[in-house]
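Colleague: Below: one structure in C-alpha cells.
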Amino acid sequence: MIFVDTNVILDVVTDDIHWSPWSLRQLESASYTHQLIINDTVFAELSVGYPRIEDINDLLNDWGLHLIDTPREALFLAGKAFVQYRQAGGSRTGVLPDFFIGAHAAILDIPLLTREKTATRPTSPHCH
C-alpha cells in the first residue's frame, strides 16, 4: 500500500503546470505495484472542489484509490506531532490535516506519496 497525499491528486485533477506531470508519473508507477489509499482527511480536502459526493466517489473508483478510516492511534500521533511542531517554533497555520495524513501513513508503516519537501509524517520523509 501507498498513502497518497491530497496535493498529488489535486496536481493531476487541476492540471497544475508545474506538478501535474510529476504527480501523474508517481501515481501511475505506484499503482502498478501497490494499492493506493487515502483517508477521510484527504477525502474532505478533495471535497472542496466537487459539488457532489458522487463526483469524488467516481474519482476514487476511476483512479483505484481506496478510502480507509483513520485509526485512533493515528489521530493521537497527529496531535502529539502537532504539539511538537508548535513547541519547536512551527508557525504555519492550517497544517493539522497534514499531520493527520502523515500520522496515518506512519501508523500503517507505509510510504506517503507527497510533493511536500517537509512532509509531516512523524517517522519518515516523503516518497519520491
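Every read-out reported here was derived from the displayed coordinates using simple, explicitly stated rules and does not represent laboratory data. Given the structure is predicted, the values throughout are model-derived calculations rather than measurements. Glycine gets a Cβ as well: all are built from the backbone with ideal geometry, and neighbour counts include every protein chain shown.
Colleague: Using 0.36 nm per residue of separation minus the Cα-Cα distance, give me the extension gain between Ser91 and Ser47 in nm, one decimal. All intermediate terms of the calculation are to be shown ahead of the outcome.
Modeller: Values: separation 44, 0.36 × 44 = 15.84 nm, distance 2.60 nm.
Net length gain for the segment: 13.2 nm.
Colleague: To the nearest 10 degrees, how steep is helix 20-33 against the longest Cα principal axis of the chain, on a 0 to 90 scale?
Modeller: 90 degrees
Colleague: Using only C-alpha atoms and all pairs of different ones, pull out the Kirkwood radius for the chain in Å with one decimal.
Modeller: Working: mean 1/r = 0.0672 Å⁻¹.
For the chain, inverting the mean 1/r across all distinct Cα pairs yields 14.9 Å.
Colleague: Let me ask something else about it. Using only Cα atoms and rounding to the nearest 10 degrees, what angle (0 to 90) does helix 72-87 make with the longest principal axis of the chain?
Modeller: Once rounded, one gets 60 degrees.
Colleague: Next up: Taking the chain as a Gaussian network, Cα atoms linked when under 10 Å apart, which of His34, His104, His66 shows the biggest mean-square fluctuation?
Modeller: His34
Colleague: Just report the Cα centroid separation between segment 43-57 and segment 1-37, whole Å.
Modeller: 17 Å
Colleague: Describe numerically, in nm with one decimal, the distance between label points set 7 Å from Cα along Cα→Cβ at Ser20 and at Asp69.
Modeller: A separation of 3.7 nm, rounded to one decimal place.
Colleague: For the chain, set up a GNM with springs between Cα atoms under 10 Å and report which of Arg92, Arg25, Arg72 has the largest fluctuation.
Modeller: The residue with the greatest mean-square fluctuation here is Arg92.
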